[in-house]
1. If amide hydrogens are placed 1.01 Å from N in the peptide plane, which non-local residues have theirs closer than 5 Å to the one on residue 129?
2. Kirkwood-based Rg over Rh for the stretch 59-198 (C-alpha set), two decimals?
3. By count of other Cβ within 10 Å, fewest leading, how are 73, 185, 143, 94 ordered?
4. Once the Cα atoms of helix 139-148 and of the chain are each reduced to a long axis, what angle between those two axes, in degrees from 0 to 90 to the nearest 10, is obtained?
5. With point charges of +1 on the Cβ of Lys and Arg and -1 on the Cβ of Asp and Glu, referenced to the Cα centre of the chain, which listed residue (129, 192, 22) lies farthest in the positive direction of the dipole?
6. Identify which of 179, 155, 61 has the largest mean-square fluctuation in a Gaussian network model of the chain, with springs joining Cα atoms closer than 10 Å.
7. Take the chain, connect every pair of alpha-carbon atoms lying under 10 Å apart with a spring to form a Gaussian network, then pick out the residue of 67, 97, 32 with the largest mean-square fluctuation.
8. Grab the chain and count how many Lys pairs have their alpha-carbon atoms under 15 Å apart, sequence gap of 8 or more, or different chains.
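Nothing in this text is a laboratory measurement; each read-out follows from the coordinates by a stated rule. All values reported here derive from a predicted model rather than from experimental measurement. Glycine also receives a Cβ, built like all others from the backbone with ideal geometry; neighbour counts cover every protein chain displayed.
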Amino acid sequence: MMQWQKAQDALKKKTLSSAELGRLGVSRTSLQRWVADGRLVRLSRGLYGLQELPITENYSLLSANLQIPSGVICLISALMYHGATTQLSGDVWIALQGRSHCPRFEYPKIRVHRFTGPAFLEGIEEHRVDGGVLRVYSIEKTIVDLFRLRNKVGLDVALEALKDGLRTKKAKLGRIHELAKKLRIYTVMRPYIEAEVSG
């Protein structure tokens, strides 16, 4: 009973891995029993939450980020998080630094993108969602990344994000300029930005 109380108290704050629950004194046998009797939900391999935990549209993003803590939610998934696209993706788009290791897991399906230097380090934000901390690129960095990787995601997606970000004022124009210059994509972006601002 003490094991369940400890686990329940911790899980009310956030989802936990089996390793984190193990450090609280919870055995794997207990985890299996609690899942079987419906007190606990196995959200993905080695990741658990309470039955009453509200599952939101950010859950798959958080699940991927908890399993790859060094990664950052990027591109289409970051746009979805910021509510700045009509695009939908069942995959989670996540950036990893250089050649860092990417573990295999069952859920969610991920698309890994390798960023280096400032392309990885700039614009990382941390947000509390569904009881965990989500690492995601800012809306401005995401817009710049979409232009950098327009051959992979499509120029139409980048343009939609730029238009929506500026129209809704979710994105700050000055920060887009700054990041575009730092990531050497300003020359490509400039005519689109000017058309959007003057239009």
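1. 134
2. On the way: Rg = 14.4 Å, Rh = 15.1 Å.
Dividing the radius of gyration by the Kirkwood radius yields 0.95.
3. Working: 73 29, 185 19, 143 33, 94 26.
Fewest to most other Cβ atoms nearby, the residues stand as 185, 94, 73, 143.
4. Tilt of helix 139-148: around 60 degrees.
5. Farthest towards the positive end: 22.
6. Largest GNM mean-square fluctuation: 155.
7. Maximum fluctuation in the GNM of the chain, among the listed residues, is at 32.
8. 9
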